[in-house]
Structure formats: structure tokens, C-alpha cells
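Below is one structure; the comments refer to it alone.
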Amino acid sequence: MSEEVTAERVGELERDISIRLSVLARLLRNSFDRQVSNHNVTRSQWAMIVVVARKPGATQRVIAEMLEMSEASAGRLIDRLCADGLLERQERFDDRRARAVYLTKAAEPLLAKLADIAREGEMRVFRGFAQEELEALQGYLDRIYKNVG
């Protein structure tokens, strides 16, 4: 009988944690969206800018993989950010069919501001956590990510 109760309780805990993770993800997205709304950039655009900043010269395919989106969706987002003057495509010397994507100088102040906003949010979210707790949490989340993927 106690094994049934334990299994039932574990199931309830897993369900509660799953719901809380979903709600937390939504709250974090909404909070970030509110904070960046006056900078005329969406979360998807910000993510694209960050990926290109971290991997300058990446192809559309590589960027799409990093953002876990379709190559066509990544292409449309890159097109939009190029039209806004934040990204640019350049020919690659090693593959003339592929185009490398880079940040423009115009993107740098926006990237810095958005990084500040993200840092402030992270400080608020993780206030009161010791480094060991953060490392443990990262390990737990890595395991969940691996189980989902």
C-alpha cells in the first residue's frame, strides 16, 4: 500500500513540477517581452541577434539549428533584421551558395541594452541562490532537457 501511495505522490510531484515549469517559462517570456517592448524588438529577434553575436559568420542553417527553428523561419527573421539594418549577409569564400550572417554596427548598442535587461532579470530570478544551488539546478535542468530531447 505504501508503494502505491509513494508512486502516486511521485506522479503528483512530477505533474506539479511540470506545470510550474510551464508557468515559469511563460512568466519569464512575458516579463522579458514587457521590458524590451520599448526597444522595438521581439524575443525571437533578440535571440537571433544574440546567436549571431556569439557565432559571427554562421550560416542560416547553423543559426536555425542553434535556435531550434526551421531554416525557412530563420531566413525570414534574418531578412527582417537585415531590412532593419541590424544584421547583414555576406558571401562566404568557402561556399558561394551559403551566406554568412553578421551583426552590423547598428546592432551593437541594442545588443548591449538587451544584455543589460537580461542580466537584470537573471539577477532578480536567481536572487538568494548560492553558486552550489545554481550548479545543482543546472544539473537537474540538463537532465530534464536530455530526457525531453
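Every Cα-Cα pair of region 1-88 was included, and the share exceeding 17 Å stands at 62 percent.
Within the same chain, aspartates and glutamates fewer than 8 places from Lys113 are excluded, and of the rest, those with a Cα less than 15 Å from its Cα are Asp33, Glu122.
Can you give the calculated 222 nm mean residue ellipticity of the chain, where each DSSP H run of n ≥ 4 adds -39,500 (n - 2.57) and the sum is split over every residue, rounded to the nearest 500 deg cm²/dmol? Working shown, then result.
On the way: 6 runs with 105 residues, N = 149.
Helix contribution divided over all residues of the chain: -23500 deg cm²/dmol.
The Stokes-Einstein estimate for the chain, based on a Kirkwood radius over Cα pairs and taken at 20 °C with 1.002 mPa s viscosity, is a diffusion coefficient of 118 µm²/s. For region 70-149, the list of trypsin sites (Lys or Arg not before Pro) that fall in a loop by DSSP and count at most 14 other C-beta atoms within 10 angstrom reads Arg92, Arg96, Arg97, Lys105, Arg127. Here the spin labels are modelled as points 7 Å beyond Cα on the Cα-Cβ line, and at Arg43 and Ile19 they lie 2.1 nm apart.
For a modelled paramagnetic label at Leu27, 7 Å from Cα along Cα-to-Cβ, the residues of region 101-140 in reach, with backbone nitrogen under 16 Å, are 121-129. Region 63-135 has equivalent-ellipsoid semi-axes of 32, 16, 11 Å, by the square roots of 5 times the alpha carbon gyration tensor eigenvalues, sorted largest first. Projecting label points 7 angstrom from Cα along Cα→Cβ for Asp95 and Glu68 puts them 2.3 nm apart. Sequence neighbours fewer than 8 away in the same chain don't count; with that in mind, list the lysines whose C-alpha is under 22 Å from Lys146. Counting by Cα, and skipping residues close in sequence, Lys146 has no lysines nearby.
Only the coordinates and a few stated rules stand behind these numbers; no lab work does. What you see is a predicted model, and the numbers here were worked out from it, not measured in a lab. Every residue, glycine among them, receives a Cβ derived from its backbone with ideal geometry; neighbour counts consider all protein chains shown.
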